[in-house]
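Shown next, in C-alpha cells, is the structure this report addresses.
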Ligand SMILES: Cc1cc2nc3c(=O)[nH]c(=O)nc-3n(C[C@H](O)[C@H](O)[C@H](O)COP(=O)(O)O)c2cc1C
C-alpha cells in the first residue's frame, strides 16, 4: 500500500477476529519499529508481543475495555525513562521516543492489513506488575494486534487551516 493510503486508512480498531497473526508480517512490523528514530539514538524501548492467552487475560484485568479480550495479540511498549535523553530542563524525552516507535508499529501493522489501537488509559504500575515488567522499565502504551472484525468510519479531523501555517 502507498504510504499515504496507509496513513489515511488506519483506524483505531476495537473489534477483532480471532485469526492468528502472520509471523512473517509480524517480523516486518518489528523491523519497522527497530528503525524508528529516538533522541541521541538511545532507543530506550523494548516491545513485547503477547500471544499467550493467560498473560493477555492479566493485561485485560488492568485495562477495562472488554473488547480487548478478543484480540489475538497485545503489544506492550516498554520504556526506560532513566536512560532516555533529557530535555534541557531535565525532563525525560521517553514519551516522545516511545510514541514514535509505537506509531511505526501501528503504521507498519496497517500496511500489513493488521489492526491496532493505541491504549494508554491504564495504571502503569499495575500493568507492570501483571506483565512482570520491572523498574526501570515501564509499560507506557499497549495495543491490540490482529484482523479487524469491524472497521468504523473515519473520525473527524481538524481542518488544515486550524493546524498549519506556512511562514515564508
Ligand atoms: C496516546 C494515545 C492514547 C490513546 N489511548 C486510548 C485508550 O486508552 N483507549 C482507547 O480505546 N483508545 C485510545 N486511543 C485512540 C484514540 O481514541 C484514537 O486514536 C482517536 O479517537 C482517533 O481515532 P483513529 O485512531 O481511528 O483515527 C489513544 C490514542 C493515542 C494517540
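Here, each number is a calculation from the coordinates, and none is a lab measurement. Keep in mind it's a predicted model, so treat the numbers as computed, not measured. Cβ atoms come from the backbone with ideal geometry, glycine included; neighbour counts cover every protein chain shown.
Can you tell me which condition residue 93 does not meet? The list is (1) away from the ligand (no atom under 16 Å from the Cβ); (2) over 17 Å from residue 13 (Cα atoms), and all the others hold.
Just one mismatch for residue 93, condition (1).
Out of 36, 25, which single residue is touching a residue at least 12 places away in the same chain (Cβ under 8 Å), within 16 Å of the ligand (Cβ to nearest atom) and within 28 Å of residue 132 (Cβ to Cβ)?
Testing whether each residue is touching a residue at least 12 places away in the same chain (Cβ under 8 Å), within 16 Å of the ligand (Cβ to nearest atom) and within 28 Å of residue 132 (Cβ to Cβ) leaves just 36.
Return the residue satisfying two criteria in turn: it lies in the stretch 104-124 and is away from the ligand (no atom under 11 Å from the Cβ) and part of a loop (DSSP other than H, G, I, E, B), and of such residues it is surrounded by the most Cβ atoms within 10 Å (Cβ to Cβ).
Top of the filtered list is 114.
Residues being out of contact with any helix residue (DSSP H, G or I) (no Cβ under 7 Å at 6 or more places or on another chain) and under 21 Å from residue 99 (Cβ atoms): count how many of those fall in the stretch 119-153.
So the answer is 10.
Taking residue 17 as meeting all but one of (1) farther than 29 Å from residue 134 by Cβ; (2) in contact (Cβ under 8 Å) with a residue 12 or more places away in the chain; (3) within 15 Å of the ligand (Cβ to nearest atom), write down the number of the exception.
(3)
Check residue 159 against each of (1) touching a helix residue (DSSP H, G or I) at 6+ places or on another chain (Cβ under 6 Å); (2) surrounded by fewer than 14 Cβ atoms within 10 Å (Cβ to Cβ) and name the one condition it does not meet.
For residue 159, the failing item is (1).
Return the residues of the stretch 126-154 that are in contact with a strand residue (DSSP E or B) (Cβ under 8 Å, 6 or more places away or on another chain) and either without any contact (Cβ under 8 Å) to a residue 40 or more places away in the chain or part of a helix (DSSP H, G or I) (or both); say none if nothing qualifies.
Within the stretch 126-154, 127, 128, 131 meet the criteria.
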